[in-house]
Amino acid sequence: MHLKWKLLDITKHYPELVIEKATYDKDYAHLLVSIPPKMSVGSVVRLIKTNTSRGIKEQFPFLKDVYWGSDGIWSEGYFVSTTGINEAIIKRYIEAQGKEDLGHIKLTI
């Protein structure tokens, strides 16, 4: 739930970012984000990871011990794909996380 609030906070500071869907599980998040052309995908991923990591570690101080020696709680990589071809499939995939594996593209940050 804390991640949801941090994402909303980010969109307050960057209203041009629209988080259309977000689901979370114990070790990943799937996001469907509308990014304006003036921002690169990498900069948005970095923005989300940095701000959510900082906020989550403030909210849950024990994570500083779990991730000792590391600045963030997220993995270094990410996967991104555009949704122009079939946004409905990706939305359905995100909504189904934790329920079933549809075998479609993962939008993992």
Quiz item: Would segment 48-60 turn up any residue that is among the polar types (S, T, N, Q) and within 23 Å of Ala88 (Cα to Cα)?
Solution: no
Quiz item: If you check Ile48 against the conditions, is it β-branched (Val, Ile, Thr), at pLDDT 85 or above, out of contact with any strand residue (DSSP E or B) (no Cβ under 6 Å at 6 or more places or on another chain) and assigned to a helix (DSSP H, G or I)?
Solution: yes
Quiz item: Just for segment 11-55: of the residues that are over 20 Å from Glu76 (Cα atoms) and among the β-branched types (Val, Ile, Thr), which one is surrounded by the most Cβ atoms within 10 Å (Cβ to Cβ)?
Solution: Ile35
Exercise. Identify all residues within segment 59-97 that are of a type outside the set (Ser, Thr, Tyr), loosely packed, with under 12 Cβ neighbours inside 10 Å and either part of a helix (DSSP H, G or I) or modelled with pLDDT under 75 (or both); write none if there are none.
Key: Asp65, Val66, Trp68, Gly69, Asp71, Gly84, Ile85, Asn86, Ala88
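The values are calculated or read from the model by the stated rules, or taken from the named source; none is laboratory data. Just so it is clear, the structure is predicted and the values come from calculations on it, not from any experiment. Glycine also receives a Cβ, built like all others from the backbone with ideal geometry; neighbour counts cover every protein chain displayed.
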